[in-house]
Amino acid sequence: CLCVLLSVLLCVCVCVQARPMIQMSLSTPTIVAGPANLKMTVASCLSANGKPPGVITWDTSLDGEASDSEVRNSDGTFTVRSDYMMIPTQQTHNQKLTCITTYHNERFSESVTLNIQCKGNVFCFFLS
């Protein structure tokens with residue numbers, strides 16, 4: 001907030017807020033399962049140009065973890081990025097991953113369905 005003292009009895013404060021732009025994306029449309037125990041980023045969630053910064057969480061039953069970063073932009077807004085990392089396996093094929101961004105008391109969510117394919121020496125079979 002910016003406050004200006006106009007007189008001994010009058011002070012005016014102005015607080016500027018900016019709602020962030022929210023975007024979620026898969027790391028690639030098709031995620032290739034690699035050797036066992038190879039953790040990789042499968043999805044990213046971005047809350048860009050917010051003031052104050054948005055808070056990103058993940059809603060999923062998948063076994064993984066988030067890696068978060070926050071940058072203060074030159075205009076005073078913040079960009080927050082969260083990458084969801086996990087080991088892609090046949091069990092994670094067609095599973096849902098939801099990014100939730102909270103800004104003040106508002107919640108915004110976006111979901112993706114993982115498309116896991118196998119390559120090389122990785123044995124996969126998918127049940128319909």
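Quick notes on this one:
- Pairs of Cα atoms nearer than 8 Å and 6+ residues apart set the relative contact order; for the stretch 9-50 it is 55 percent.
- Rounded to the nearest 10 square angstrom, Asp63 shows an accessible area of 140 square angstrom against a 1.4 Å probe.
- For the chain, the solvent-accessible area with a 1.4 angstrom probe is 65 square angstrom per residue.
- Long-range Cα-Cα pairs in the stretch 22-128 (distance over 23 Å), rounded percent: 32 percent
- For Thr98 and Cys13, a Förster radius of 41 Å and the Cβ-Cβ distance give a FRET efficiency of 0.65, rounded to the nearest 0.05.
- The apolar share of the surface of the stretch 41-96, taken as the fraction of accessible area on carbon and sulfur atoms (1.4 Å probe, ligands and nucleic acids excluded), comes to 44 percent.
The values are calculated or read from the model by the stated rules, or taken from the named source; none is laboratory data. All values reported here derive from a predicted model rather than from experimental measurement. Don't worry about glycine lacking a Cβ; one is built from the backbone with ideal geometry, like all the others, and counts go over all protein chains shown. Note: accessible area is taken over every heavy atom of the protein model, side chains too, but ligands, DNA and RNA are not part of it. Shrake-Rupley method; radii C 1.70, N 1.55, O 1.52, S 1.80 Å.
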